[in-house]
Amino acid sequence: MPWAPRTSEEGGTLKIRVVRGCVVAFFILFALFVTWPGMLPFNRIRPSILGLPLSMAWIAGWVILSFVALVVLDRAEANERRRREE
Amino acid sequence: MERWQTIAVIILLYLAVTLGIGLRAGRRASKSVTGYVAGDRSFGLLVMYFIFGATMFSAFAFLGGPGWAYSRGAAAFYILSYGVLGMAPWYSVGPRAARVGRAYGFVTQAQLLVGRFPSRFLSVLVAALTVLAFVPYITLQMRGAGIVIEAVTDGHIPLWVGAAVAYGIVLLYVLTSGVAAVGWTNTFQGVVMLVIAWTLGIYLPMRLYGGVGPMFDQIANQRPEMLTVPGLTASGEPWSWGGYSTAILVSAIGVSMWPHLFMKAFTAKDDDTIRRTVVLFPTFQLFLIPVFLIGFAGILVVDALPDPDFILPHLILRSDLPALVVGLFCAGALSASMSTGDALLHAGASVAVEDGVRPLRGLDDRQQRRLMRWLVVGMGAVAYFFAVNESQSLVTLLLTSYGIIVQFTPPLVAALYWRGATTPGVVSGLVAGSAVTLFFYFNSALRPLDLHEGILGLLVHIPVLIIVSHLTTDPQPSASERFLQTARGQ
């Protein structure tokens, strides 16, 4: 991509490291918030979301956010591989 | 023609189509062992996606999921929680496994392990544990198939006949065409499952309660304990947080280590295919939402069923749906059971031969294929025995297998990531972890805080692996270095 600003070796590596770190942190939080004790504050029936009890919607929400997190990671990794091949 | 007969005809037609797809695919695959086990390493994204999805969402999700939601309420949410958590690390692990698989020609997990940690004992141990973990899993799928057929035919075809017929067909195409059949039939069956699950998940709450929201309002009024985690146990007591949380952990840590899933890394066309499968995985996981809705729909309208796993067929048969839809549903659930069952039988036999028998005595290609086929039949027979004689819930059967499977995680992660791991470390960790798991499985009253026995096993396994590895030295450091470089893609 000639129009993209060229990043230094460290800069590109730093960026992918940050993305990886954030995704790993996201999944650790996911694990903590769907098990004891992180689940406790959200373990209620109301308010209901799209008709689902909060407890179920809470977990489904994490699954949907995972999709976003994985798409972001995949984009970043693909860029990183392209950069390394150049 | 009576209604159940019409339904039975629809199911038979469906099975015929499945069989046709499987046998056609088989003719195209090559006849070598690599062709039989790893499908010539040529699956594209679409097939991989549905293989993963359909293999994971088996009778376990289709019947067991609603069964748990119906009888144990929010306890079922553990299933929704663990899948993505468990698959996300595969984004990194999968391509690594695939790279060493391509470079060294591995087709099984144990070969990968032994490639890094040379030990015939390790290979045989992994093979034995794999077969041990697979038996309850195959049993689950067979019971699932039998349940569907018995329920839909109104008891005219009992569980033991239904399970035998469905698995006769599975055997036929696994025996004739290996993994190519598994791949193409799963693609077809994955599509059928998804469509039917969403249709029923919306339709049943609408029909019985006037919508999803009104359904949960009524459950909240009459059975509020069903809607908050950790839900109930099989006997209707409140489940423990320790049991619920470690059910998520053990399943998440173990899920990508199932040999039939792990070995898919060796069949993938390239690394991008594996990565994209992981990225798309949450879209498959959301399919559990309609599945749970079906189970919840039963809570207020169906009095306690002797076997809660029958709830889904029970509900659909008492609805006024046309026979065609009921038949297709049944086909979807059957396909879920059969697609996982075929992958399991195939992987179990491959592992037993490649890793359990071959390290001990040499076999030529033809002998190996023949032995594999005998083992497919043998494992099927053992599982069939338990399917007909055991009556544990489908979800409980799978959760039990996870105790063993999760013990494969530390050695495989060590093989692909940790320079310092040694053969004695890995072997002693695996022995200690499996022993502790089995001990607490047979003495479940001794488990502290109701923690899953597989997690207790890991608590011993990991320290043993690390400590013994530190105390011993790697006799071939350069070979290990090369292995890890290959894994990193350098």
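None of the figures in this text is laboratory data; all of them are computed from the coordinates on show. Model, not experiment: these values are computed from the prediction. No Cβ is skipped: glycine too gets one built from the backbone with ideal geometry, and neighbour counts run over all protein chains shown.
Things worth noting here:
- Values of log10 I(q)/I(0), in the order q = 0.12, 0.13 Å⁻¹, for chain A under a Debye, Cα-only, solvent-free model: -0.52, -0.57
- Counting only Cβ charges, +1 for Lys and Arg and -1 for Asp and Glu, the dipole size of chain B around its Cα centre is about 1640 debye.
- In summary, the helical segments of chain B meeting the span-like criteria, namely a full DSSP H run, a Cα extent along the axis of 30 angstrom or more and a mean Kyte-Doolittle hydropathy of at least 1.0, are B:120-152, B:159-209, B:323-351.
- Distance between region B:353-407 and region B:215-235 - C-alpha centres, whole angstrom: 38
- Rounded to the nearest 0.05, the FRET efficiency derived from the C-beta distance between B:THR176 and B:GLU225 at R0 = 41 Å is 0.25.
- Percent of Cα pairs exceeding the 16 Å cut-off, where the set is region B:351-429: 70
- Inter-chain neighbour count for B:222-234: the average number of beta-carbon atoms from partner chains within 10 Å of each residue's beta-carbon is 3.
- Two-decimal ratio, region B:76-222, of alpha-carbon radius of gyration to 2.2 N^0.38 Å: 1.44
- Against the main long axis of the alpha-carbon atoms of chain A, helix A:54-85 sits at an angle near 10°.
- Inter-label distance, B:PHE385 to B:SER478: 5.1 nm, where each label sits 7 Å from its Cα along the C-beta direction.
- Across every pair of non-identical alpha carbons in region B:353-490, the mean reciprocal distance, once inverted, gives a Kirkwood radius of 17.8 Å.
- Least to most buried among B:THR277, B:THR176 (fewest other Cβ within 10 Å first): B:THR176, B:THR277
- Put a plus charge on the Cβ of each Lys and Arg, a minus charge on the Cβ of each Asp and Glu, and nothing anywhere else: the dipole of the protein assembly as shown about its Cα centre is then about 1540 debye.
- Relative contact order of chain A, defined on C-alpha pairs under 8 angstrom at six or more residues apart (%): 31
- Where the Cα pairs of the protein assembly as shown fall when distances are cut into 10 Å bins, in %: 3, 18, 28, 27, 16, 6, 1, 0
- Nearest-ten-degree value, helix A:9-34 long axis tilted from longest Cα axis of chain A: 10
- For region B:272-332, the dipole from Cβ point charges (+1 on Lys and Arg, -1 on Asp and Glu) about the Cα centre works out to 280 debye, to the nearest 20.
- Taking the Cα atoms of region B:230-343, the ratio Rg/Rh between the radius of gyration and the Kirkwood radius comes to 1.03.
- For chain B, the spread of Cα positions along each principal axis, largest first, Å: 68, 52, 39
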